[in-house]
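Take a look at the structure below.
The values are calculated or read from the model by the stated rules, or taken from the named source; none is laboratory data. What you are looking at is a predicted structure, and each value in this text was computed from that prediction instead of being measured. Note that we place each Cβ from the backbone using ideal geometry, even for glycine, and neighbour counts take in every protein chain shown.
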């Protein structure tokens, strides 16, 4: 894996992750810099969808912290809870098995007018990379590498 600060084409920052089966229901994910994360589908560890929601919530918090000062806001508290629904019957491939109705519950505390916080929230939604990635269509290209048994 490349260094997390590696820039790809047109000065873009490249992010990478790799995953491999650890057991029939568990996966080990390797992130940039050799960091590791274990996931599971059996409830014993976080699921990939929980991690996706956690990525969304944490990216929102970080974006609030980054954007608030430029709006003249000193945040005393920022908490984001993310929830979504998956219809398990779609796991058979009959429909796209994706989260629906993702809701962000944002709690902000600052000594400013509520309208300023609403403007900040709109700015954060425009600037949060994970929010933008989830909300917009992303082209995923699969490159299949087959190995002999």
Sole miss for residue 42 among (1) within 27 Å of residue 15 (Cα to Cα); (2) exposed (fewer than 13 other Cβ atoms within 10 Å of the Cβ); (3) not assigned by TED's automatic domain parsing to the domain that holds residue 116 is condition (1)
Selection over the range 16-71 where residues are touching a helix residue (DSSP H, G or I) at 6+ places or on another chain (Cβ under 7 Å) and more than 30 Å from residue 110 (Cβ to Cβ) yields a count of 2
Look at residue 62 and say whether it is surrounded by 12 or more Cβ atoms within 10 Å (Cβ to Cβ) and either touching a strand residue (DSSP E or B) at 6+ places or on another chain (Cβ under 7 Å) or outside the structural domain of residue 135 (by TED's automatic domain parsing) (or both).
-> no
Checked 81, 137 against criteria (exposed (fewer than 13 other Cβ atoms within 10 Å of the Cβ), within 16 Å of the chain's Cα centre (by Cα) and under 16 Å from residue 49 (Cβ atoms)); the one match is 81
Of the residues in the range 73-91 that are modelled with pLDDT of 95 or more and out of contact with any helix residue (DSSP H, G or I) (no Cβ under 8 Å at 6 or more places or on another chain), the one that is nearest to residue 110 (Cα to Cα) is 76
Selection over the range 22-57 where residues are assigned to a strand (DSSP E or B) and out of contact with any strand residue (DSSP E or B) (no Cβ under 7 Å at 6 or more places or on another chain) yields a count of 1
Item to complete: Tell me, yes or no, whether the range 88-111 has at least one residue that is within 26 Å of residue 18 (Cβ to Cβ), within 17 Å of the chain's Cα centre (by Cα), touching a residue at least 24 places away in the same chain (Cβ under 8 Å) and not in a strand (DSSP E or B).
Response: yes
